[in-house]
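I have placed the structure first, in the form of structure tokens, so that the comments after it can refer back to it.
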Amino acid sequence: MLRVGVLVSGGGTNLQAILDAEKSGIITHASVVYVLSNNRHAYALQRAEAAGIANECISPADFSDRTAFHRALLAAVEREKLDLIVLAGYLVRIPDEMIRRYRGRIVNIHPSLIPSFCGKGAYGLKVHELALRRGVKVTGATVHLVDEGLDEGPILLQKAVEVKTGDTPETLQRRVMEEAEWILLPRAIEEIAREVSERGNRA
Ligand code: GRF
């Protein structure tokens, strides 16, 4: 069973989609064992608590400098012996040391069809504002591996979502979450977990 850690910063609807997918049998080869946030007020932590999952807040504000924060973040992840790290709305940059140690084992969900509307400053609602401003007729979500770049790692899954006349950033964000993010992230986790399981069986 793949041990999954989920890093969050906000409401945790993607985390909830993963937990629901475990319950409904969409995810059978992986289990969320740990949730970490940089934001002690993140509702995602309450979702983890309600599901009986170990969770904690490690905030950069609690450390004298970025290096100390990175050291604490890495120590926590190592302690949990995670096989896969899922960034689900996690707004803090992953330290390069962590990317090196977990290369190919950190995935991120981004609310657009990368390479559109990604990179510096393009996160959360801002992504949908950019899409509406550009006037695209189709947007969507992307699950990709995390490397040292910003939203530049290898793309694993994408799903298109229609932009509707009269959409606001909020209505578009909701549709992208419902029709893409909450489907793609559980699917990606299960596909990775099955691949690891089958590789283990072949070994
Ligand atoms: C989502 O829009 C996701 O695409 C982006 O950040 C937001 C996280 O939402 N990465 P939630 O915390 O999962 O509800």
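The values are calculated or read from the model by the stated rules, or taken from the named source; none is laboratory data. Because the structure is predicted, anything quoted here is derived from the model rather than measured. No Cβ is skipped: glycine too gets one built from the backbone with ideal geometry, and neighbour counts run over all protein chains shown. The area values use the complete protein model at the heavy-atom level, side chains included, leaving out ligands, DNA and RNA. Shrake-Rupley method; radii C 1.70, N 1.55, O 1.52, S 1.80 Å.
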Practice task
For every helix of n ≥ 4 consecutive DSSP H residues, a contribution of -39,500 (n - 2.57) applies; sum these over the chain, divide by its total residues, and give [θ] at 222 nm rounded to the nearest 500 deg cm²/dmol.
Solution key: -12000 deg cm²/dmol
Completion exercise
At 10 °C and 1.306 mPa s, the Stokes-Einstein diffusion coefficient in µm²/s for the chain, with hydrodynamic radius from the Kirkwood sum on alpha carbon pairs, is 92
Problem - Phi to ³J(HN,Hα) by Karplus 6.51 cos²θ - 1.76 cosθ + 1.60 over the stretch 179-187, Hz, x for Gly, Pro - result: 8, 9, 4, 6, 9, 5, 5, x, 4
Fill in the blank from the handout: Between R40 and R194, Cβ-based FRET efficiency (R0 35 Å, step 0.05) works out to 0.50
Handout entry: the stretch 46-203 - percent of accessible surface contributed by carbon and sulfur, probe 1.4 Å
Key = 51
Practice task
Would you calculate the separation in nanometres between label points at H29 and A61, each defined as 7 Å from the Cα along the Cα-to-beta-carbon direction?
Solution key: 4.1
Completion exercise
Per residue convex hull volume, Cα only, the stretch 1-112, in Å³ is 105
Exercise for the section: Could you do me a favour and compute the accessible area per residue for the stretch 56-203, 1.4 Å probe, result in Å²? Expected result: 52
Handout entry: Under-5 Å amide H pairs with L87, H placed in peptide plane, nonlocal only
Key = L7, V107, N108, I109
Exercise for the section: Could you count how many Lys pairs in the chain have their Cα atoms under 18 Å apart, skipping same-chain pairs fewer than 8 positions apart? Expected result: 4
Problem - Between the stretch 59-127 and the stretch 144-203, the alpha-carbon center distance in angstrom - result: 16
Exercise for the section: Please give, to one decimal in nm, the separation of the simple spin-label points placed at A72 and E179, each 7 Å out from Cα toward the Cβ. Expected result: 4.1
